[in-house]
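In what follows, a structure is listed as structure tokens, so that the remarks can point back to it.
The values are calculated or read from the model by the stated rules, or taken from the named source; none is laboratory data. All figures in this text were calculated on a predicted structure; none of them were measured in a lab. Counting neighbours? That spans all protein chains shown, and the Cβs are built from the backbone with ideal geometry, glycine included.
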Amino acid sequence: MKFYRALVLLPLAAALPSPNLDEVTSGSPDPTQVHIKAITYGGTGCPQGSVAYDISDDRTTVTLIFDSYVASIGPGIVVTENRKNCQLNVDITYPGGFQYSIFSADYRGYAAIDAGVTGVLKSTYYFSGQTAQSSTEYSFVGPVEGDYLKHDTATSTSVIWSPCGAEGMLNINSQVRLTSSNASSSGLLTTDSIDAKFTQVVYIGWQTCKSS
């Protein structure tokens, strides 16, 4: 059987109430002036040397590719395997007068979770120098088995924007977690595979800065 594992982060496609996407995307900067200066990372789900990245030509999508990001639980599995996390710092430069944000998430991959096991996929976003945070989260309640594609939207009140102009360090703290109420139950999220990587796709919504 071929297993796919992916955690996909998408922009807000439908409102909760939410910002108008036409208004957000109408003020996009020149793509040639948006660059990722560097990505640093660390955590049990992303040891050094295990993450690659790509940015789309229009500078609205950042794809992070993980070699190892798997959580598992069950008899004989050490407790440290129940939760994996990754702290990413994405240093993005962009023209003055613009800012960006993350609105929602699609989680995609493979789950094999027994009854009595709960799985959680969660990402928290914040910008360096700011205290406000935004997060997306999805939960599985076993029994679940098979490929999945799940959507979650950040609450409209928690949407945060990068600083206006020049540089905004996007921080993403993500985790894959399994808990169980039955010691004999097993579970696995984002399965290991020799022909598919664990990927995280971040879609960026841009807007022009409002004058004070």
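Just to be sure I understand, how many residues within the range 92-148 are closer than 21 Å to residue 69 by Cβ, among the hydroxyl-bearing types (Ser, Thr, Tyr) and not in a strand (DSSP E or B)?
Of the residues in the range 92-148, 0 are closer than 21 Å to residue 69 by Cβ, among the hydroxyl-bearing types (Ser, Thr, Tyr) and not in a strand (DSSP E or B).
Being of a type outside the set (D, E, K, R), modelled with pLDDT under 65, outside any strand (DSSP E or B) and within 16 Å of residue 51 (Cβ to Cβ) is the filter here, so list the residues in the range 154-212 that pass it.
Correct list: 196 only.
Conditions first: (1) under 12 Å from the mean Cα position of the chain (by Cα); (2) modelled with pLDDT under 85; (3) surrounded by fewer than 18 Cβ atoms within 10 Å (Cβ to Cβ). Residue 103 passes all but one, so which condition is the exception?
The failed condition is (3).
Residue check: is residue 11 closer than 17 Å to residue 101 by Cβ, modelled with pLDDT of 85 or more and surrounded by 18 or more Cβ atoms within 10 Å (Cβ to Cβ)?
On the way: closer than 17 Å to residue 101 by Cβ: yes; modelled with pLDDT of 85 or more: no; surrounded by 18 or more Cβ atoms within 10 Å (Cβ to Cβ): yes.
No, not satisfied.
Before we move on, is residue 68 within 27 Å of residue 187 (Cα to Cα), at pLDDT below 85, buried (at least 16 other Cβ atoms within 10 Å of the Cβ) and among the hydroxyl-bearing types (Ser, Thr, Tyr)? Spell out how you get there, then give the answer.
Numbers: within 27 Å of residue 187 (Cα to Cα): yes; at pLDDT below 85: yes; buried (at least 16 other Cβ atoms within 10 Å of the Cβ): yes; among the hydroxyl-bearing types (Ser, Thr, Tyr): yes.
In short, yes.
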